Amino acid sequence: MAGIIEMRNSGPRSGYILALVMGILLVLGILLSALLRLPGGLRHLVMRESREVQKVYDAESALLLHLESMSSALLPGVPPVWHADVGPYGRLCSGDSSLQVCVMTVSALQKLDFGEWLTGVQAYRARLREGILSAPGLRRYSGNRRFFDVPGNAYMMVNDGDLRLDFSGSMKSLNAYVSGDVTVEGSVRFDTLRIFSLGNVRMGGNVCVGFLETVGNESVEIGGQVHFRGIAVAGHEIVLRGNAVAEYPSMAIAIGQNGTSVTQSDGVVFSGLRASLPGNIVAEDSVMPSFLGGSPVIFEREVLR
């Protein structure tokens, strides 16, 4: 699928995409004709499965047309496509209430000036902050807070103090806005961890995060045995050390007026984007956040029933 998606902004290539989709639909029609000759009970079962397969192909066809900026009118009857921002990623879905095909995307790295990077990152920071502070279940604290057991609430705001998370176990989602520094340690699995700190963020221990969004106004340090996929943004520096592992496509972006840096120790495994701006982007990096625009690159697909 990724190879198809890279064929963008070209008339002949768009024609190839349309021919491919039409070919798939023709094969499905031939298969359906053959299935009609099966015995009644088996035919009912197979027909049900074939309808689901047809829905999958219809949804994938709609996604392909959308990704190639082609009109859905070329294939009447395909379902609509809707988009949502998920942190640094984009999520595209198509289908109906009984079956949906969804893909997660980033953008292919392209040349942008500093102002474009800054505008995009600032807008992202604002969305993350608002998403935490506007949550209906937000719990407000004042002064330093330490949690050595799994917190009872998923959204918290810590004013005039620091936050320390140091516990074992698992937690589906934790979202924190903190006026001071944040430390995350222990041995815990977060499905989702979102942190917005006006100070520094430090992550260590044996923390595992399925989806990470962390902003430190000053710095972000990720070390120990931390394992994650997501994005870290800092106004001054990002330090990757120890045996930390960042799965593809993760992003470390230090962006400010001057003196920014992203440093990585030898034991770190990082797959994605490391950018210090104004300044450098690591030569082998090839993706950037979807909120900066550009050609989409699919990295995950799922069928939801």
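The values are calculated or read from the model by the stated rules, or taken from the named source; none is laboratory data. Remember, it's a predicted structure, so these values are computed and weren't measured experimentally. Here the Cβ positions follow ideal geometry from the backbone for every residue, glycine too, while neighbour counts run over all protein chains shown. Side chains included, ligands, DNA and RNA excluded: accessible areas come from the protein's heavy atoms. Shrake-Rupley method; radii C 1.70, N 1.55, O 1.52, S 1.80 Å.
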Inset, instruction - State yes or no: is Val158 surrounded by 18 or more Cβ atoms within 10 Å (Cβ to Cβ) and touching a residue at least 40 places away in the same chain (Cβ under 8 Å)? - result: no
Legend entry - Of all residues in segment 72-116 being over 18 Å from the mean Cα position of the chain (by Cα) and under 29 Å from Gly235 (Cβ atoms), the one that is surrounded by the fewest Cβ atoms within 10 Å (Cβ to Cβ): Lys111
Legend entry - Only listed residue being in contact (Cβ under 8 Å) with a residue 24 or more places away in the chain and open to solvent by 40 Å² or more (accessible area, probe 1.4 Å), chosen from Val150, Val201: Val150
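Kindly indicate which of Arg194, Arg164, Arg145, Arg127 is farther than 21 Å from Ser219 by Cβ and basic (Lys, Arg). I'd like the intermediate steps shown before the answer.
Working: Arg194 fails: farther than 21 Å from Ser219 by Cβ; Arg164 fails: farther than 21 Å from Ser219 by Cβ; Arg145 fails: farther than 21 Å from Ser219 by Cβ.
The match here is Arg127.
For segment 293-302, state whether one or more residues are buried (at least 20 other Cβ atoms within 10 Å of the Cβ) and closer than 30 Å to Cys102 by Cα. Steps first, please.
Residues of segment 293-302 that are buried (at least 20 other Cβ atoms within 10 Å of the Cβ), as a first pass: 296-297.
Filter once more, so that each one left must be closer than 30 Å to Cys102 by Cα: 296-297.
Yes, segment 293-302 contains a residue that is buried (at least 20 other Cβ atoms within 10 Å of the Cβ) and closer than 30 Å to Cys102 by Cα.
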Inset, instruction - Residue by residue through segment 171-187, note down the ones that are open to solvent by less than 10 Å² (accessible area, probe 1.4 Å) and either farther than 11 Å from Gly199 by Cβ or touching a helix residue (DSSP H, G or I) at 6+ places or on another chain (Cβ under 6 Å) (or both). - result: Leu174, Asn175, Ala176, Val184
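Assess whether Gly294 counts as being assigned to a loop (DSSP other than H, G, I, E, B) and without any contact (Cβ under 8 Å) to a residue 40 or more places away in the chain. Before you say what the answer is, go through the steps one by one.
Values: assigned to a loop (DSSP other than H, G, I, E, B): yes; without any contact (Cβ under 8 Å) to a residue 40 or more places away in the chain: no.
Judged against the criteria, Gly294 is not a match.
Sort out which residues of segment 243-291 are touching a strand residue (DSSP E or B) at 6+ places or on another chain (Cβ under 9 Å), of a type in the set (Gly, Ala, Ser), in a loop (DSSP other than H, G, I, E, B) and open to solvent by 40 Å² or more (accessible area, probe 1.4 Å), and write them in order of number. It would help to see each step written out before you state the result.
The first filter runs over segment 243-291 and keeps only residues touching a strand residue (DSSP E or B) at 6+ places or on another chain (Cβ under 9 Å), leaving 243-256, 259-265, 268-282, 285-291.
Checking which are of a type in the set (Gly, Ala, Ser) leaves us with 244, 246, 250, 252, 254, 256, 259, 261, 265, 271-272, 275-276, 279, 286, 290.
After this cut, where a residue has to be in a loop (DSSP other than H, G, I, E, B) as well, the list is 244, 256, 259, 265, 279, 286.
Gly259, Ser265, Gly279, Ser286 - these are the residues of segment 243-291 that are touching a strand residue (DSSP E or B) at 6+ places or on another chain (Cβ under 9 Å), of a type in the set (Gly, Ala, Ser), in a loop (DSSP other than H, G, I, E, B) and open to solvent by 40 Å² or more (accessible area, probe 1.4 Å).
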